[in-house]
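Asker: Pasting a structure below so you can have a look.
The values are calculated or read from the model by the stated rules, or taken from the named source; none is laboratory data. Predicted model only: the values in this text are computed from it and were never measured. Here the Cβ positions follow ideal geometry from the backbone for every residue, glycine too, while neighbour counts run over all protein chains shown. What goes into the accessible areas is simple: the full protein's heavy atoms, side chains included, and nothing from ligands, DNA or RNA. Shrake-Rupley method; radii C 1.70, N 1.55, O 1.52, S 1.80 Å.
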Amino acid sequence: MATYTLPELPYDYAALEPVINPQIIELHHDKHHAAYVKGANDTLEQLAEARDKEAWGAINGLQKSLAFHLSGHILHSIYWHNMTGDGGGEPLAADGVGDLADAITESFGSFAGFKAQLTKAAATTQGSGWGVLAYEPVSDKLIVEQVYDHQGNVGQGSVPVLVFDAWEHAFYLQYKNQKVDFIEAMWAVVNWQDVAKRYAAANERADVLLLAP
């Protein structure tokens, strides 16, 4: 059996209109995300074959391939649940996400400051990449990461809780080359309930994520 499987979308293809049209969602999930799942599984098979044959000539390429495809699978799996047609606005205590709202204020000074930083991080990725809000367990704070491809520029141990896909396949059919317009529009579909659950889970596991004080 394959180690990794493509998760089902938590909504139909049209659920995020007008921010993201159905054609993009279908292609993005069914083709691009599926390719990362297949790539991760294929690479694991190739690594197993290399171990059996003690043929390590391609180890560098295989390790890089696994990181690329596996990170793509993980980030996309978070991405789908980070969005909802009923989302947007900002996290508020009245909506049951007060801990997340407080953490954002503590880490970034204000929601406006956080929003500006994540928007810029996602919109200014050189080529393909992501803007990511992550829980960083050493400081016990939230940080923004600018992730190149799927796995570069990541603080080890940080846990992604909100991800903005800035690869062209995420927006080009609808927004053409206007990446900034797409990132700005994304804020209207953020699922703060999902983000808050991810933050709470990461925060609760902080003591087991760290190897030393």
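Asker: Among Val161, Gly61, His33, pick out the residue whose Cα is farthest towards the positive end of the charge dipole of the chain, where Lys and Arg carry +1 and Asp and Glu carry -1 on C-beta, about the Cα centre.
Answerer: Farthest towards the positive pole: Gly61.
Asker: Lys and Arg at +1, Asp and Glu at -1: add these up for the other residues within a Cβ distance under 14 Å of Ser110 and post the number. Please report the intermediate quantities before stating the final value.
Answerer: Working: positive: Lys115; negative: Glu90, Asp102, Glu106.
So the surrounding residues net to -2.
Asker: Hey, another quick one. Rounded to the nearest 500, what is the 222 nm mean residue ellipticity of the chain from helices alone, with -39500 (n - 2.57) per DSSP H run of 4+ residues and division by all residues? Walk me through the numbers before you get to the answer.
Answerer: Working: 9 runs with 102 residues, N = 213.
Helices in the chain give a 222 nm mean residue ellipticity of -14500 deg cm²/dmol.
Asker: Please work out the average accessible area per residue across segment 122-189, using the 1.4 Å probe convention, and give it in Å².
Answerer: 41 Å²
Asker: Related question: Charges only on Cβ, +1 for Lys and Arg, -1 for Asp and Glu: so what's the dipole of segment 1-52 about the Cα centre, in debye to the nearest 20?
Answerer: Dipole about the Cα centre, nearest 20: 120 debye.
Asker: Here's something else I'd like to know. On a full-extension model of 0.36 nm per residue, what is the gain between Ala188 and Glu106, subtracting their alpha-carbon distance, rounded to one decimal in nm?
Answerer: 27.2 nm
Asker: Next question, about the same structure. Sorted by packing (mean other beta-carbon atoms within 10 Å per residue), highest first, where do 51-60, 35-44 land?
Answerer: On the way: 51-60: 9.6, 35-44: 18.2.
So the peptides 51-60, 35-44, ranked by packing, come out 35-44, 51-60.
Asker: Using the crude model of +1 on Lys and Arg Cβ and -1 on Asp and Glu Cβ, and no other charge, please compute the dipole size for the chain relative to its Cα centre, in debye to 20.
Answerer: Values: 13 positive and 27 negative charges, 100 e Å.
For the chain, the charge dipole is close to 480 debye.
Asker: Computing the accessible area with a 1.4 Å probe over protein heavy atoms, can you report the carbon and sulfur percentage for the chain? Walk me through the intermediate numbers first.
Answerer: Details: 5680 of 10990 Å².
On the chain, the fraction of accessible area on carbon and sulfur atoms equals 52 percent.
Asker: Could you work out how far the C-alpha centroid of segment 52-90 sits from that of segment 122-181, in angstrom?
Answerer: Each part's Cα centre sits 13 Å from the other's.
Asker: Applying 1/(1 + (r/R0)^6) with R0 = 25 Å to the Cβ-Cβ distance of Glu26 and Ile143, what FRET efficiency is obtained, to the nearest 0.05?
Answerer: Approximately 0.15, to the nearest 0.05.
Asker: Starting from the Cα gyration tensor of segment 87-172, take the square roots of the eigenvalues, sort them a ≥ b ≥ c, and report rounded, prolate or oblate (rounded when a/c is under 1.5, otherwise prolate if a/b is larger than b/c, else oblate).
Answerer: Oblate, because a/c is 1.5 or more while a/b does not exceed b/c.
Asker: Sort the following peptides by mean Cβ neighbour count (other Cβ atoms within 10 Å, averaged over residues), highest first: 13-26, 120-133.
Answerer: Descending mean neighbour count gives 120-133, 13-26.
Asker: Residue by residue through segment 69-83, what is 3J(HN,Hα) from phi via Karplus (6.51 cos²θ - 1.76 cosθ + 1.60, θ = phi - 60°)? Round to whole Hz and write x for glycine and proline.
Answerer: 6, 5, 5, x, 5, 5, 4, 5, 4, 6, 3, 4, 7, 6, 10
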